[in-house]
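For reference, the structure discussed in these notes is given below.
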Amino acid sequence: MTAQEQEGWVKTTREAQGRVSGDGVELAFGYWPGRGAAVVALHGLTASYVSFLGMAERLAGRRAVFALDLRGRGESEKPAGPYGMVQHARDVAAAVRAMGLGRSVIVGHSMGGFVAAALAAQEPELVAGVVFIDGGYAPAIAAAGPQQGLDAALSLRITQLRQAYPSREAYRQFWRGQPHFPAEEWGPWVEAFLDYEVGGEPPELRPKASEDAVKADLMEGLQREAMIARLQAIRVPVLMVRAPAGFVPGAPPLYPDTMMEQMRACVQAMDEELIPDTTHYTVLMGNRGASRVADLVDDFAGRCEAAQKGTKS
């Protein structure tokens, strides 16, 4: 037996896929085995658990990763309602308990950060720490008013959710023609994410995310007072990971320094990390971003474990 085997080392090459009970719905998930405190990964507004494929593979068994399709997305059930951050947090809590994961590090990208904050506020016994990745706070959109914010943030994406594509290759080519995934960041993680994102039968492949769910979640997420109250209620370590560019290279960041000042006022203790040369998407799905996020999450989870042990001793 090698020294690595004696230490219980494991290298993950492919996730296990399955379904788990949420709060009255079945949720699809991907699970990568690993050691120590589990990482529970929550995706963005119209995304899926596959957006964490790069992070999970770069962790390579250092941490177990449990990534969910939130209700209304991916292969999870899509009920008429309810939606919103509180409901998603209830689903995640039920799934974490069903999997027997115990206190976990919650990683939320974009809207997933809002769900992570709600989970930490509602179910603190399940949360060892929170990692926000370009998510968790959006006062600028909230200040614009719900309908204006909805229109500004979703007009292009809602249009795309209604479109059909003749094949997965056509869907990939559509995104190759957009600036969101630069050629140097295009790779198997991006392609896997895009392939999973559409369902149905050719030539009528459509994005899996429910338009009604997306609208309901954005409207609920724009409630400024609730957003701030959740952040203020967090009593575990927090790490905020930012991209220096927005949705496309060269665009202003979604979380500029001025916004971070406001977010710091809401969170008791928060470490911060800026990952250079990344966007809101490539910070998680590009090689540079996923590799750095994996290292940060592993280190952060270790510190959360140490903090828990210190509290108990």
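Taken together, the values in this text are just the output of simple stated rules run on the coordinates, not laboratory data. These numbers were taken from a predicted model, which means no experiment stands behind them. No Cβ is skipped: glycine too gets one built from the backbone with ideal geometry, and neighbour counts run over all protein chains shown.
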Using DSSP, restrict attention to beta bridges with both residues in the chain and report what percent are antiparallel, rounded to the nearest 5. 35 percent
Restricting to Cα pairs below 8 Å that are 6+ residues apart, what does the relative contact order work out to for segment 3-302? Please round to a whole percent. 20 percent
Considering only P244, P166, P33, give the residue with the highest GNM mean-square fluctuation for the chain, with springs between Cα atoms whenever their separation is below 10 Å. P166
Förster-model FRET efficiency, 30 Å R0, E305 and D23, C-beta, rounded to 0.05: 0.60
Gained length - E272 relative to E184, 0.36 nm times residue gap less alpha-carbon distance: 29.1 nm
Specify which labelled value, from (i) 18.4, 62; (ii) 22.0, 89; (iii) 17.9, 56, agrees with Rg and Dmax of the Cα atoms in Å derived from the coordinates of the model shown. (i)
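Summing -39500 (n - 2.57) over the DSSP H runs of n ≥ 4 in the chain and dividing by its residue number, what mean residue ellipticity at 222 nm do you reach, to the nearest 500 deg cm²/dmol?
-13500 deg cm²/dmol
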Assuming 0.36 nm per residue, please report the length gained on full extension of the stretch T258 to A80 beyond their Cα-Cα distance. 60.3 nm
Choice from I234, I133, I158 showing the highest fluctuation, given a GNM over the chain with Cα pairs closer than 10 Å: I158
Starting from the 7 Å offset along Cα-to-Cβ, what nm value, one decimal, do you get for the label separation of S155 and E125? 4.8 nm
Report the local net charge at G302: Lys and Arg +1, Asp and Glu -1, summed over other residues whose C-beta lies under 12 Å from its C-beta. +1
Which value in nm describes the separation of the simple spin-label points at A60 and D212, placed 7 Å from the Cα toward the beta carbon? 4.6 nm
GNM on the chain, Cα springs under 10 Å; top mean-square fluctuation among G44, G84, G36 goes to G36
Where in the chain are the DSSP H helices whose alpha-carbon span along the long axis reaches 18 Å or more and whose Kyte-Doolittle mean is at least -0.5? 85-99, 146-161
Whole Å is fine, so just give me how far the alpha carbon centre of segment 94-136 lies from that of segment 262-286. 16 Å
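Just subtract the alpha-carbon distance of E204 and A192 from 0.36 nm times their residue separation and send over the number in nm, one decimal.
2.4 nm
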